[in-house]
Amino acid sequence: MKTNESPTYLSIKDWAEEDRPREKLLLKGKASLSDAELIAILLGSGTVSMSAVELAKQILHSVNYNLHELAQLTIKDLEKFKGIGEAKAITIVAAVELGRRRKNADAQQRSKIESSKDVYEILQADLLDLPYEEFWALYLNRANEVLRKVQISRGGVVGTVADVRLILRHGIELLASGIVLAHNHPSGNLQPSPEDLKLTQKVKEAAQLMNMALLDHLIIGNQSYFSFVDEDVMKQL
């Protein structure tokens, strides 16, 4: 007589030692671990019916295995997964934030602007994974070295208001010779809006009166950007 038996569940503790995430990291190094295994280490444990690795795979599947999308998940988003409480959600969010700050620290070591890519690398971490718009400016000396980067404004999903006078005030205070503007589009569409074009033209004209040059304006996404200079938009303003 056959009986219906539930499948045997193997916890991570039941796995071969070399297949457990923590042990695997110690034996083979951090590069040998998959994204799911790294997240599983952060989780520490799974549920009664699911290992930490399977739970991590479930989370990654929900964001199409895209770490940029994972970084956009809030604590509340993570708590929707069975087995993820506030403490585990906070751990994941904190780990992602550390990664973002490391990228930002690496970018700040570059102090001279020679191309739009340099601007992108300096500001990407500040504008990465934001669900709302932020507007930033870099102020440069005559050697195109960054004097300071300043957050000008923070707005909503569809836009933010940047005050031309505030942008110029920082430049005057720093005795800057050049300004580079940057903001993000949470929608992912990197094409400049009519408002973006108008603001850029206003800043360009006002900066010239103060013997400062508007060198570029970048619209930044998570993995790419649009440069007004590279796309010959600046010449048309």
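FYI, it's all coordinate maths here, none of it is from the lab. Computed from a predicted model, the values in this text were never measured in an experiment. Here Cβ is always computed from backbone atoms with ideal geometry, including for glycine, and neighbour counts include all displayed protein chains.
The longest stretch of the chain left intact once loop-based GluC sites (Glu not before Pro) with at most 16 other Cβ atoms within 10 Å are removed from consideration, loops following DSSP, is 115-230.
Return the subset of 30/76; 149/198; 30/80 for which the Cα-Cα distance in this structure is over 25 Å, preserving the input order.
Numbers: 30/76 29 Å; 149/198 22 Å; 30/80 28 Å.
Beyond 25 Å between Cα atoms: 30/76; 30/80.
Look at the Cα gyration tensor of the range 12-104: its axes a ≥ b ≥ c give a/c of at least 1.5 with a/b at or below b/c, and that counts as oblate.
Using the Cα gyration tensor of the chain, with a ≥ b ≥ c the square roots of its eigenvalues, what is the shape: rounded (a/c below 1.5), prolate (a/b larger than b/c) or oblate (neither)? Mind dumping the intermediate values first?
On the way: a/c = 3.44, a/b = 2.57, b/c = 1.34.
It comes out prolate by the Cα gyration axes.
Rounded to two decimals, the Cα-based Rg/Rh of the range 130-234, with Kirkwood Rh, is 0.94. Given a Förster distance of 41 Å, report the FRET efficiency between residue 79 and residue 27 from their Cβ-Cβ distance, rounded to the nearest 0.05. Given R0 = 41 Å and the Cβ-Cβ separation, E is 0.80.
Bridges between two residues of the chain, per DSSP, are antiparallel at a rate of about 70%. Near residue 217, the amide H atoms lying under 5 Å from its own belong to 181, 228, 229; only residues 5 or more places off or on other chains count, and H is placed 1.01 Å from N. Counting only aspartates and glutamates at least 8 places from residue 112 when in the same chain, those with an alpha carbon closer than 14 Å to its own are 121, 145.
Counting each DSSP H run of 4 or more residues in the chain as -39500 (n - 2.57), what helix-only mean residue ellipticity at 222 nm follows after dividing by all residues, to the nearest 500 deg cm²/dmol?
Details: 9 runs with 99 residues, N = 237.
Theoretical 222 nm ellipticity from helices: -12500 deg cm²/dmol.
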